[in-house]
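Structure, as structure tokens:
Rule-based calculations on the coordinates, nothing more; no lab input. Keep in mind the model is a prediction, meaning the values are calculated, not measured. With ideal geometry, Cβ positions are generated from the backbone for all residues, glycine too; neighbour counts draw on all protein chains shown.
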Amino acid sequence: MTWSLLVRSELRKIATTKLPMVFLGIIVAIVSATATAILAGHDADGTKGFISSATDQQSLLAFGTNAMMGAGLFGAIAAAREYDHRTVISMFLVSPRRHQAMLAQYVALFLTGGLLGLAGGVLTIVAALICLPMVDFDFLLSAGAVIRILATAALAGGVGAVLGAGVGALVRNSAGAVTAAVLLLIIAPPLAVQFLNNADWVPSTVVNVISGVGEGPSVAASLAILAGWAVVPAIVALFFVHRRDVT
Amino acid sequence: MHKLELTNITKRYRGATVVDNLSITVQSGRVTGFLGPNGAGKSTTMKILLGLVSPDKGEALIGGRRYRDFDKPTRMVGAILESDAFHPGRSGRNHLLILADAAGILHERIEDLLRLVELEDAADRKVGGYSLGMRQRLGIAVALLGDPPILVLDEPGNGLDPAGMRWLRDLLKTRAASGNTIFVSSHLLAEMEHLADDLIVIQKGRLVRTGTIAELLTAASSVSVRTPSAAGLIAVLEAAGGVIKVQDEESFLVRNLLAAEIGARALSAGIELHELAAKSSSLEELFLTWTGSTHPQLSEHMIKEGAMV
């Protein structure tokens, strides 16, 4: 049993259902909202200050947080549906050393989540390149800033998908996993920011730091915290799945 | 030789004992039927054998090794545990491709299997649109993916039409004849009577009966005797090793002796016979006796359907 075979199998699992296309559709909807904002949006004073400088454009176009939230839901559904449809049985019959099967699933979801994040980032940049001239603004981002935005979107997508996979494997049903992922990635972070003295560890803060559009911990510390968001649920899920009966 | 051995297996869920100190052996080169009422612990036992469920006590070995210790388990054991364990939005072919990829099995094998289970035409359709019988055939293809010498099948005949049942029976018998180990549970008792060489019967997680189906059926057959000299003939037959169950003053049932032997001994003893009739029990009747399933509606339904509910 080699890793590459298990990862290939997991990638085929992901590719042979509609799930990636559904999430690509969600990404297109988010990108459309950004394009609409560029074309029709304005600040309170009636100007388009939110796209007038390179910094403003970088903030608008940074896709990392969206990528992490979207990929988190994607990973949660991808992992939990193995239990919904009982395909986890064949998964663990082919690979009875369950940690191998789960690590392969994490790798495949990291790659797919990363691709979805990257796709979101690229489409957002392309939408800006098309829409900004239509409202008489130039695209002001440097190549370096664009690369940083795209790299962060890919990384955040990958991390989000692994986080979601851990949650999905723990909860073991799609509805519950989506609920848990929404709580963890969308509802809890703003509450933490509002009610805690120091909430620099929430995903949006560290992703914005890595994207170069926010303040908080150092980039290195942000990368470590972001990795923790994936690694902790993934390891907890590995522990429990290894011990649990597949009934 | 790929013997399956479960030794002193016990499994409890929330205080309820599902499998209770169960020790069974499944021999290679034979089809072994695994019977028990609903909730008897058959599926849990099979899952313990395949490492999906951990026993609280005991050991389950396949050819002397635990399932999880096999490097390429699908090349050693093929299994059907649930007939509906497929993503409904995925095609049958893709389901097989996923498992073939994971097990390192060449994709050419999939075409052969689709042909074998007669799903070539439906291979690219979504499994959600399959009938129960088609899903069962896909499950059989999954079990045969690695061409394993051991098959562990939980209710593989569910949803198959009579032709499908016959096809499955022939397939399993052929594989057993070539030395494979076939361990199969089923509610279809009449089918099991045709299929199995050996039987293991459990109830409430405990072993009730085990042996070859021929031995079990022979041991359960009896001869009905009616004579005006019942007491005298009973004494003669008991001396010859017969086991007697008295029905009334003139009639009784005899086990362990054939009708011809009983007739000969009655003649020798000068005892007049009014009836001498061999009675054979079906597997269904034996199953009801062994498991104490005496609920009239249940029994009636089983007799009509030839199956457990």
Between residue B:174 and residue B:13, what length comes free when the chain is fully extended (0.36 nm per residue of separation minus the Cα-Cα distance, one decimal in nm)? 54.2 nm
Non-local Lys pairs in segment B:4-151, i.e. 8 or more apart or on different chains, that have alpha carbons under 24 Å apart: 6
Going out from 0 in 10 Å bins, what whole percent of all Cα-Cα distances in segment B:143-232 drops into each bin? 13, 39, 27, 11, 7, 3, 0
What share of all Cα pairs of segment A:115-172, in percent, falls into each consecutive 10 Å distance bin? 23, 37, 23, 12, 5, 0
Please average, across the residues of B:45-53, the number of beta carbons from any other chain that are within 10 Å of each residue's own beta carbon, and give a whole number. 3
Would you order B:91, B:251, B:268 from fewest to most other beta-carbon atoms within 10 Å of each residue's own beta-carbon? B:268, B:251, B:91
Using only helices, what value at 222 nm comes out for chain B when you add -39,500 (n - 2.57) per DSSP H run of length 4 or more and divide by the total residues, to the nearest 500 deg cm²/dmol? -10500 deg cm²/dmol
Per residue, the convex hull enclosing the Cα atoms of the protein assembly as shown spans a volume in Å³ of 193 Å³
Segment A:3-243: relative contact order in percent, alpha carbon pairs under 8 Å with at least 6 residues between: 28 percent
If you bin the C-alpha pair distances of chain B every 10 Å from 0, what whole percents do you get? 6, 23, 27, 21, 12, 7, 3, 0
If each DSSP helix of 4+ residues adds -39,500 (n - 2.57) and the sum is divided by the residues in chain A, what number results at 222 nm, nearest 500 deg cm²/dmol? -25500 deg cm²/dmol
Considering only DSSP states other than H, G, I, E and B, which trypsin sites (Lys or Arg not before Pro) in segment A:1-87 qualify as loop sites with at most 14 other Cβ atoms within 10 Å? A:18
For segment B:4-217, what relative contact order do you get, as a whole percent, if you take Cα pairs closer than 8 Å and at least 6 residues apart? 31 percent
Taking only the C-alpha atoms, wrap a convex hull around segment A:77-179 and report its volume per residue in Å³ as a whole number. 111 Å³
Calculated FRET value between residue B:3 and residue A:186, using beta carbons and R₀ = 51 Å, to 0.05: 0.40
To the nearest 0.05, how large is the calculated FRET efficiency for residue B:71 and residue A:231 if R₀ is 35 Å and r is the Cβ-Cβ distance? 0.80
Give me D for segment B:222-279 in µm² s⁻¹, whole number, from Stokes-Einstein with Rh from the Kirkwood sum over alpha-carbon pairs, 4 °C and 1.567 mPa s. 121 µm²/s
Taking K and R as +1 and D and E as -1, what net charge do the other residues with C-beta under 10 Å from the C-beta of residue B:31 add up to? +2
Starting from the Cα gyration tensor of segment A:112-247, multiply each eigenvalue by 5, take the square root, and state the resulting semi-axes largest first in whole Å. 32, 18, 14
Taking only Cα atoms of segment A:3-243, radius of gyration then Dmax in Å: 18.7, 63
Under a straight-distance cross-link criterion of Cα-Cα below 24 Å, which lysines are reachable from residue B:245, leaving out those fewer than 8 residues away in the same chain? B:279
For segment A:132-208, the convex hull over Cα atoms projects on average to an area in nm² of 7.7 nm²
Shielding of A:2-11 by other chains, given as the mean Cβ count within 10 Å, works out to 3
What is the distance, in nm, between label points placed 7 Å from the Cα along the Cα-to-Cβ direction at residue B:112 and at residue A:36? 5.6 nm
Rounded to 10°, Cα long-axis angle of helix A:219-243 versus longest principal axis of chain A: 20 degrees
Which distance in nm do the two modelled labels at residue B:280 and residue B:59 give, with both placed 7 Å along the Cα-to-Cβ direction? 4.1 nm
Compute and list, largest first, the equivalent-ellipsoid semi-axes of segment B:192-303 from the alpha carbon gyration tensor, each √(5λ) rounded to a whole angstrom. 31, 16, 12
